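Just passing along the structure, written as structure tokens.
The values are calculated or read from the model by the stated rules, or taken from the named source; none is laboratory data. Computed from a predicted model, the values in this text were never measured in an experiment. Don't worry about glycine lacking a Cβ; one is built from the backbone with ideal geometry, like all the others, and counts go over all protein chains shown. For accessibility, only protein heavy atoms count, side chains too; no ligands or nucleic acids. Shrake-Rupley method; radii C 1.70, N 1.55, O 1.52, S 1.80 Å.
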Amino acid sequence: MKILITGGAGFIGSHVVDLLIENGHEVCILDNMSHGKIENINSKAFLYRFDIRDEKVIEIFKEEKPEVLIHNAAQISVPYSVEDPINDASVNIIGTLNILEAARKSGVKKIIYPASAAIFGNPEYLPIDEKHPLEMLCGYGVTKHTVEHYLKIYKNLYNIDYVCLRYSNVYGPRQDSSGEGGVVAIFCEKMLENESPFIYGDGEQIRDFVYVKDIARANIMAIESNSCGIYNISTNQKVRVNELFQLIGKALNRNIKPIYTNTREGDIRNSYMSYEKAKKHLGWKPEYNLIDGVIETINYYKKSMKK
Ligand SMILES: NC(=O)c1ccc[n+]([C@@H]2O[C@H](COP(=O)([O-])OP(=O)(O)OC[C@H]3O[C@@H](n4cnc5c(N)ncnc54)[C@H](O)[C@@H]3O)[C@@H](O)[C@H]2O)c1
């Protein structure tokens with residue numbers, strides 16, 4: 001099948017590309033490389049270096065005629081969405097509409113979209129399911145959720161199928177630990193350099209860490225499924241940040257103490273999500289446990305730090 005993936009040079013997108021190619025699909029990537037890396041790109045995929053807001057993207061869609069669009073490209077920083085909500089919305093809403101219009105005009109049949117747990121705010125109950133009330137605390141949450149509405153509209157108006165995958169905290173190789181990168185990436189890189197990472201608050205906050213290869217598999221299953229709608233992609237496992245820190249320290253055989261610092265404003269205390277709906281409708285469930293995922297991630301950082 002011909003698949004066009006935006007953001008395919010990024011962390012999650014590049015793993016999705018690898019698995020698509022492994023499954024025999026023909027893949028082209030549209031990425032402006034603002035946060036993507038050339039070394040992430042599978043040699044069997046073709047890269048169009050374009051911004052998703054560029055009016056010329058329609059020509060790429062008409063040339064490639066993909067059956068499926070995976071729309072990964074996004075401005076992903078929560079603090080940036082607070083500092084510059086206009087640019088956040090420009091990429092995540094206007095850029096997405098540019099892509100959706102190109103998809104519609106070129107005959108795309110199905111769209112896979114990575115939504116986010118950033119739309120739930122402080123949970124009213126746990127685990128969070130797809131019916132949980134929404135409470136967005138930042139522009140990023142608003143822009144990610146807005147696209148969920150547009151996808152429903154494109155289904156109603158143009159009969160384009162869609163699957164929104166609401167990811168919990170994704171971790172794994174190729175994650176960027178700079179700035180506000182994922183906590184697993186930050187802990188691995190700091191501890192490999194024998195430095196103490198910061199932990200915000202007392203470290204007893206709970207998160208739900210899902211491995212990026214399980215995410216890639218969810219994308220494949222979403223393409224293959226006849227289901228349409230919104231699905232949590234998570235592990236439903238409660239992991240305290242302190243537990244994660246100890247697990248990584250043990251796997252690295254490092255006896256490093258973290259530096260505890262103030263809780264960040266807007267940080268959610270506890271969050272984990274149920275994936276029962278994805279299991280029932282997409283046949284997906286996580287296969288990696290945290291230890292195996294962390295070990296693969298550590299091996300990646302060890303190799304990339306030697307280069
Ligand atoms: N990482 C997570 O835990 C997580 C959780 C939920 C949802 N998501 C969503 O998954 C998707 C991928 O996230 P990621 O963590 O892999 O981020 P990433 O930054 O590694 O990947 C995003 C890619 O999009 C590209 N991009 C950004 N702006 C662009 C633009 N204007 N035009 C073209 N390309 C552009 C970047 O160059 C990058 O390659 C995003 O939509 C994000 O919102 C991520």
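For the range 8-63, how many residues are open to solvent by 30 Å² or more (accessible area, probe 1.4 Å), over 19 Å from the mean Cα position of the chain (by Cα) and under 18 Å from ASN98 (Cβ atoms)?
Summing the residues that are open to solvent by 30 Å² or more (accessible area, probe 1.4 Å), over 19 Å from the mean Cα position of the chain (by Cα) and under 18 Å from ASN98 (Cβ atoms) in the range 8-63 gives 11.
Mind telling me which of the residues MET1, MET33 ends up being at pLDDT 95 or above, hydrophobic (A, V, I, L, M, F, W, C) and within 11 Å of the ligand (Cβ to nearest atom)?
MET33
Moving on. Within the range 155-193, track down each residue that is of a type in the set (S, T, N, Q) and either modelled with pLDDT of 95 or more or within 25 Å of ARG217 (Cα to Cα) (or both).
Scanning the range 155-193 gives ASN156, ASN159, SER168, ASN169, GLN175, SER177.
Kindly indicate whether any position in the range 70-92 is away from the ligand (no atom under 15 Å from the Cβ) and closer than 22 Å to VAL212 by Cβ.
Within the range 70-92 (the criterion being away from the ligand (no atom under 15 Å from the Cβ) and closer than 22 Å to VAL212 by Cβ), the answer is no, since none of the residues qualifies.
Right, another one. Mind listing whichever residues of the range 23-34 are in a loop (DSSP other than H, G, I, E, B) and in contact with a Ser or Thr (Cβ under 9 Å, 6 or more places away or on another chain)?
ASP31
Considering the range 43-60 alone, what residues qualify as being more than 14 Å from the ligand (Cβ to nearest atom) and in a helix (DSSP H, G or I)?
Correct list: ILE58, GLU59.
Of (1) open to solvent by less than 40 Å² (accessible area, probe 1.4 Å); (2) more than 16 Å from the ligand (Cβ to nearest atom); (3) in contact with a Pro (Cβ under 9 Å, 6 or more places away or on another chain), LEU192 satisfies all except one. Which?
In the conditions (1) open to solvent by less than 40 Å² (accessible area, probe 1.4 Å); (2) more than 16 Å from the ligand (Cβ to nearest atom); (3) in contact with a Pro (Cβ under 9 Å, 6 or more places away or on another chain), LEU192 misses (3) alone.
Also, quick follow-up: For the range 206-259, how many residues meet the condition of being touching a Ser or Thr at 6+ places or on another chain (Cβ under 7 Å), surrounded by 24 or more Cβ atoms within 10 Å (Cβ to Cβ) and farther than 17 Å from LEU290 by Cα?
Adding up the residues that qualify gives 1.
Output the helices (runs of 4 or more DSSP H) that fall wholly within the range 71-122 and possess 2 or more residues being farther than 29 Å from TYR272 by Cβ, or say none.
Answer list for the range 71-122: 85-89, 96-106.
Based on this model, can you work out whether TYR272 counts as hydroxyl-bearing (Ser, Thr, Tyr) and either in contact with a Pro (Cβ under 9 Å, 6 or more places away or on another chain) or under 17 Å from ASN169 (Cβ atoms) (or both)?
Yes: the conditions hold for TYR272.
Follow-up question, since we're still on this one. Of the residues TYR125, TYR154, TYR171, TYR158, which single one is within 23 Å of VAL239 (Cβ to Cβ) and either open to solvent by 70 Å² or more (accessible area, probe 1.4 Å) or in contact with a Lys or Arg (Cβ under 7 Å, 6 or more places away or on another chain) (or both)?
TYR125
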